[in-house]
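Structure record follows, encoded as structure tokens.
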Ligand code: GLN
């Protein structure tokens, strides 16, 4: 698959924080389409899977017969970015859960990893790919990645219970974050994703 110069970005719009992704991408001048059914996927060059509730989104993808076609597109090289619940849906393995997933990212994820006491929090993350300036990151009932396969590059980590846990990863054209860059005015993470889509990162 060749990289698109001006990719049409599908944003999965079944549930969750999809409008914020559409707005962040629009601020960067990207063309977007809200994807609600299988036929909306025709012609898109790339896909964003937003935060929300991964069990609900997985069930809707299954019921709408979109899960397999989406998995096939990603396996065929279509770039994809998943944030929070989107990350969970991308992972090969979800700790303690058999919920439907795409399973294309070679990683093991723990849902709601920060516990009820810290439902949501913000942290400044240093991500060398985005430059020296720390990225403000919003975590909401966020997952962490417990382990990754050899093809997966960890882009950012946070400390949790004395261990460093991956919260942003990349495996080829698959990008995933535990946090929500779409909820801050900082567009560098979406710009990085668009660079991947264009074959420039
Ligand atoms: N805890 C949610 C889940 O497991 C993810 C939270 C989010 O996307 N903000 O699906």
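Just to verify a result, which residue in region 160-183, among those that are in a loop (DSSP other than H, G, I, E, B) and at pLDDT 95 or above, is surrounded by the fewest Cβ atoms within 10 Å (Cβ to Cβ)?
172
What are the residues in region 175-192 that are touching a strand residue (DSSP E or B) at 6+ places or on another chain (Cβ under 6 Å), under 23 Å from residue 75 (Cα atoms) and more than 12 Å from the ligand (Cβ to nearest atom), if any?
175
Please go through region 1-51 and pick out each residue that is touching a residue at least 40 places away in the same chain (Cβ under 8 Å) and in a strand (DSSP E or B).
Passing the criteria: 9, 12, 46, 48, 49.
Name the residues in region 55-86 that are away from the ligand (no atom under 16 Å from the Cβ), assigned to a helix (DSSP H, G or I) and under 13 Å from the mean Cα position of the chain (by Cα), would you? Step through it out loud before you land on a result.
To start, the set of residues in region 55-86 that are away from the ligand (no atom under 16 Å from the Cβ) comprises 63-66, 68-79.
Now narrow it down to the ones that are assigned to a helix (DSSP H, G or I): 63, 68-75.
Residue satisfying the conditions is 74 alone.
Which count do you get for residues in region 134-149 that are touching a residue at least 24 places away in the same chain (Cβ under 8 Å), assigned to a loop (DSSP other than H, G, I, E, B) and farther than 12 Å from residue 177 by Cβ?
Residues flagged as touching a residue at least 24 places away in the same chain (Cβ under 8 Å), assigned to a loop (DSSP other than H, G, I, E, B) and farther than 12 Å from residue 177 by Cβ within region 134-149 amount to 2.
Quick check on my filter: what residues within region 19-54 are surrounded by 16 or more Cβ atoms within 10 Å (Cβ to Cβ), over 17 Å from residue 91 (Cβ atoms) and within 15 Å of the ligand (Cβ to nearest atom)?
Once the filter is applied, which keeps residues that are surrounded by 16 or more Cβ atoms within 10 Å (Cβ to Cβ), over 17 Å from residue 91 (Cβ atoms) and within 15 Å of the ligand (Cβ to nearest atom), region 19-54 yields 20, 21.
Within region 151-159, is even one residue assigned to a loop (DSSP other than H, G, I, E, B) and either touching a strand residue (DSSP E or B) at 6+ places or on another chain (Cβ under 7 Å) or surrounded by 15 or more Cβ atoms within 10 Å (Cβ to Cβ) (or both)?
Yes - at least one qualifying residue is present in region 151-159.
Of the numbered conditions (1) modelled with pLDDT under 95; (2) more than 14 Å from the ligand (Cβ to nearest atom); (3) under 16 Å from the mean Cα position of the chain (by Cα), residue 148 fails exactly one; give the number of that condition.
The single condition residue 148 does not satisfy is (1).
Just checking, which of 135, 130, 89 is within 10 Å of the ligand (Cβ to nearest atom) and under 27 Å from residue 7 (Cα atoms)?
When all the criteria are applied, what remains is 89.
When residues of region 72-100 are filtered for being surrounded by fewer than 16 Cβ atoms within 10 Å (Cβ to Cβ) and over 21 Å from residue 144 (Cβ atoms), how many remain?
Of the residues in region 72-100, 4 are surrounded by fewer than 16 Cβ atoms within 10 Å (Cβ to Cβ) and over 21 Å from residue 144 (Cβ atoms).
The values are calculated or read from the model by the stated rules, or taken from the named source; none is laboratory data. Keep in mind it's a predicted model, so treat the numbers as computed, not measured. Positions of Cβ are backbone-derived with ideal geometry, glycine not excepted, and every protein chain shown enters the neighbour counts.
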